[in-house]
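Notes follow the structure.
The values are calculated or read from the model by the stated rules, or taken from the named source; none is laboratory data. Keep in mind the model is a prediction, meaning the values are calculated, not measured. As a convention, Cβ positions derive from the backbone with ideal geometry for all residues, glycine included, and neighbour counts pool all protein chains shown. When the accessible area is computed, the model is the full protein with side chains, heavy atoms only, and any ligands, DNA or RNA have been set aside. Shrake-Rupley method; radii C 1.70, N 1.55, O 1.52, S 1.80 Å.
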Amino acid sequence: MDRLPADPTVLHPLPDQPRVVLLKPLVTSPLIEVGEYSYYDDPDDPTAFETRNVLHHYGPERLVIGKFCALGTGVRFIMNGANHRMDGPSTFPFPIMGGSWAEHFDLLTGLPGKGDTVVGNDVWFGHGTMVMPGVRIGHGAIVASGAVVVDDVPDYGVVGGNPARLIRTRYDEDDVARLLALAWWDWPAEHLTAHVRTLMSGSIEDLEEAAPRT
C-alpha cells in the first residue's frame, strides 16, 4: 500500500471525479487564502469557484479558509462589496448605472465594512450554504445545508437555519480546548497519514496519544 501522504497541490484529487477540486491550487485572487486539502464539490463547474461562489468581492476584505475544509455544492460567500447604503429613503445604487448619476459615486465609497470573512480548519459546509460578510467560523464547525450564516460560529459548533442558529456543540468546553491545543491540522502530512483512522474515528484521548512528540 502507498504510504505517501495525499498530494495537496493537485487540482483534482479524485481523477475520476472532476466535480471535486482542491481550492489552494485553484484560487488566484490575492484576496482569497485557502489552506491545504480544503476542497469544493460541484457537478457543474467547480473550477469557477472564485467567480460563482465568492460574490461581490471587490476588496479590500479578504476571504480566509483554513485547512481540511469540506465545501458542499453551492456554498456562497457574500463579500462586503454587496453592501448598499441604508441611511436614505432608497437603497438603490444609482451611480453604478452610469450617465450623470455616476457623478455621485462618492455616495457608494466608504460604506462601512465588516472585515475579513474567516473560516477555521476542519469546517464542513453543507449543500447550498451562504456566509455573509465579516463572519468568523471556528475550527471544527459544521454548517448545515441551506444555512445562512450571519453571525460568528464557535469552535466545533453546529449551526443551521436562516438565519443560522447554534444547534449544539460537538464537544463540551473542556474537550474543545483539548482539540484546539492539539491543532492536528498543523501536524506534518506524513504524521497525519499514519493516524488517519484515529482522526476519523478515534477519541480525543486517542488523538492526544497520537500527537507528534517534540
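Using a Gaussian network for the chain with springs between C-alpha atoms less than 10 Å apart, which of these wobbles most: LEU107, LEU14, LEU71? So, out of LEU107, LEU14, LEU71, the one fluctuating most is LEU107. Highest mean packing first, where packing is the average number of other Cβ atoms within 10 Å per residue, the peptides 123-131, 197-205 line up as 123-131, 197-205.
GLU190 exposes around 120 Å² of accessible area when a 1.4 Å probe is run over every protein chain in place.
For LEU182 and LEU55, what is the calculated FRET efficiency with R₀ set at 41 Å and r taken between the beta-carbons, to the nearest 0.05?
The computed FRET efficiency comes out at 0.75.
Measure out, as a whole number of angstrom, how far apart the alpha-carbon centroids of segment 1-24 and segment 97-129 sit. So the separation of the two Cα centres works out to 31 Å. Remark on VAL131: its backbone amide H falls under 5 Å from those of ARG76, PHE77, ILE78, VAL149, a criterion applied only to residues 5 or more positions apart or on other chains, H modelled at 1.01 Å from N. Summed over qualifying helices (DSSP H, 4 residues or more, each -39500 (n - 2.57)) and divided by its residue number, the chain shows a 222 nm mean residue ellipticity of -3500 deg cm²/dmol.
List the residues of segment 61-100 whose backbone N lies under 18 Å from a point placed 7 Å from the Cα of VAL150 along the Cα-to-Cβ direction. Inside the label zone: 76-87, 91. For MET86 and ASN162, the FRET efficiency from 1/(1 + (r/R0)^6), where r spans their Cβ atoms and R0 equals 22 Å, is about 0.60. Of the whole protein surface, ASP44 contributes about 120 Å² of accessible area at a 1.4 Å probe radius. Name the shape class, rounded, prolate or oblate, that the alpha-carbon gyration tensor gives for the chain, where a ≥ b ≥ c are the square roots of its eigenvalues, rounded holds for a/c under 1.5, and otherwise prolate holds if a/b is larger than b/c and oblate otherwise. Prolate shape, in that a/c is at least 1.5 and a/b is the bigger ratio. A simple rule links phi to the HN-Hα coupling: the Karplus curve 6.51 cos²θ - 1.76 cosθ + 1.60 with θ = phi - 60°, which for segment 69-79 gives 9, 10, 10, x, 3, x, 4, 10, 10, 8, 9 Hz, with x for Gly and Pro.
In the context of the full set of protein chains, segment 57-214 has a per residue accessible area of 55 Å² (1.4 Å probe).
The accessible area of LYS67, taken with all protein chains in place and a 1.4 Å probe, comes to roughly 60 Å². Farthest toward the positive end of the dipole of the chain, out of HIS84, GLY138, LEU22, is the Cα of HIS84, where the dipole comes from beta carbon charges about the Cα centre.
When +1 charges are put on Lys and Arg Cβ atoms and -1 charges on Asp and Glu Cβ atoms, the dipole computed for the chain relative to its Cα centre reaches about 400 debye.
3J(HN,Hα) along segment 26-32: 8, 6, 10, 5, x, 8, 10 Hz, from the Karplus curve 6.51 cos²θ - 1.76 cosθ + 1.60 with θ = phi - 60°, whole Hz, x for Gly and Pro. With a 1.4 Å probe and all protein chains left in place, how much of the accessible area of the chain comes from carbon and sulfur atoms, in whole percent? In the chain, the share of accessible area belonging to carbon and sulfur is 55 percent. If r is the Cβ-Cβ distance from ALA194 to THR9 and R0 is 30 Å, what FRET efficiency results, to the nearest 0.05? Working from the Cβ atoms, E equals 0.90.
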